[in-house]
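A short worksheet on the structure shown next.
Every number in this text was worked out from the coordinates using simple rules, so none of it is lab data. Quantities reported herein were computed from a predicted structural model and do not represent experimental measurements. Counting neighbours? That spans all protein chains shown, and the Cβs are built from the backbone with ideal geometry, glycine included.
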Amino acid sequence: MVTAVFLVTILLGVPFAILDDKFVTRSEQDSLNQEVQRIGILTDVQLTAGQFDTGALTSDLSPGRNARIEFPVGSDESSVSLGPAIADQPHRSEVYQGREGETVVVSESWQPIVQRIRLQLSLLVAAALAAFAAAAGVAYLQARRISRPFHELAGTAERLGAGDQRPRHRRYGIAELDRIAEVIDRSADRVSRVMAKERRLAADASHQLRTPLTALSMRLEEISEAADMETVKEEAAIALTQVERLTDVVQRLLTDSGDTRRADTVGTPTDIDLIIRQQIFEWRPAFRSARRPIRVDGGRGLLAAATPGSFAQVLATLLENSLMHGAGPVTIRTRTAGGSVVVEVSDEGPGVPPELGARVFERAVSGRASTGLGLFVARELAEADGGRLELLQQRPPVFALFLPRFG
């Protein structure tokens, strides 16, 4: 603001000062010219009438000006000077050539005119300085008004990072700053909820994992002290049962925690093309090593009402299954069906064994050497977003993810 006022003052003040100087100079020059014309005509009239009167001429002369009348050769007087002498001062003159042969020269000192110009320039500079000072004051107050909320918002963000998740609910009457404050308050709310859920998860995990871990520890001690192989095998089988139980507990805790987190973001618009590009970027090196291309086909620019992280995890699971159990090119095809966005993943491999069919999505069900949890978790993630994961075709395999269409 100060810079703008300074530039405006310079761009307007300098031309105005130049124009003022020219105006005053031209005005005084015109006045002096009128003066010499008037004195000259009056002198012509007096000389023609033979009644030359210096008193009348002096009284008609403006204050501060000097008139010198030079008569032609042969006259009784050679010249007459009227008014104050200004020969030693900077001055301007105008000349009138009379009908009787006389010459009238009217002069005036330039010092008063220079002082008048300086006074006007001083007033102009004072006005510019006053405007500059007013702009600086307003700019300072405005800067204080704008910078104070930024300091407060920075403090709020710092407290949020330090663990104080209380929202401040402060608004400042400036749309952009109020938007930032609203986002920080929402983030504080979300972080507070996430922290509370994490604490509950830790407490649940501590409580639910204590028993299987203790039992597993006891079985391992029995194995370490056992002398015969039958006892070792029996205790190992029991230990494996405890490990499976422990795995189930951990999986349930993580799934429950993921569902609560997704509640905040379900229904947001997810760019299907963007997630597909990200996953292809991540999986392409592995597929390239296996000499298998990834193709993308179908509609573009589709938006789904889903959680981006969940959709990316489901797609990653399908790509991983295709890499491990499939063969040939992998095709990702997108389309719409009613109110759903459909993402299909297919390859040219042997597909899902007939005895499994739709049971491939059940926990711990797998036709090959895998945990059987991948598709189970993927289906739960899809259902948590209001969608579903289906096996459309067993051979060659075609998996389809149906997500609610956004908009």
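For the stretch 19-118, the direction-averaged projected area of the alpha-carbon convex hull comes to 6.5 nm². Close amide H pairs (under 5 Å, H built 1.01 Å from N) link Thr336 with Val342, residues at least 5 positions away or on another chain. Amide H contacts under 5 Å for Gly98: Thr103, Val104, restricted to partners 5 or more places along the chain or on a different chain, H placed in the peptide plane at 1.01 Å from N. Each residue of the stretch 1-73 gets 105 Å³ once the volume of the Cα convex hull is shared out per residue.
Checking every one of the GluC sites (Glu not before Pro) in the stretch 296-363 against DSSP loop status and a limit of 13 other Cβ atoms within 10 Å picks out Glu355, Glu362.
Each residue of the stretch 302-311 is assigned a 3J(HN,Hα), and the resulting list reads 7, 10, 10, 7, 8, 8, x, x, 5, 4 Hz, derived from the Karplus form 6.51 cos²θ - 1.76 cosθ + 1.60 (θ = phi - 60°), x at Gly and Pro.
Over the Cα atoms of the stretch 89-206, the radius of gyration divided by the Kirkwood radius equals 1.70; this is the Rg/Rh ratio. Computed 3J(HN,Hα) for the stretch 90-106, one whole-Hz value per residue from the Karplus formula 6.51 cos²θ - 1.76 cosθ + 1.60 where θ = phi - 60°, is x, 8, 10, 9, 10, 10, 10, 9, x, 6, 8, x, 7, 10, 10, 10, 10, glycine and proline marked x. Projected over every direction and averaged, the convex hull enclosing the alpha-carbon atoms of the stretch 142-181 yields 2.7 nm². Of the trypsin sites (Lys or Arg not before Pro) found in the stretch 268-309, those in coil by DSSP whose Cβ has at most 14 other Cβ atoms within 10 Å are Arg291, Arg300. Evaluating 6.51 cos²θ - 1.76 cosθ + 1.60 at θ = phi - 60° for every residue in the stretch 5-22, the Karplus couplings come out as 5, 4, 5, 5, 4, 5, 5, 9, x, 5, x, 5, 5, 5, 5, 5, 4, 5 Hz, glycine and proline recorded as x. For Thr268, the residues whose amide H sits under 5 Å from its own are Ala306, ignoring neighbours fewer than 5 places away on the same chain, with H placed 1.01 Å from N. With K and R counted +1 and D and E -1, the other residues having a Cβ less than 12 Å from that of Gln29 yield a net charge of -2. In plain terms, the C-alpha convex hull of the stretch 294-337 casts an average shadow of 3.6 nm² when viewed from every direction.
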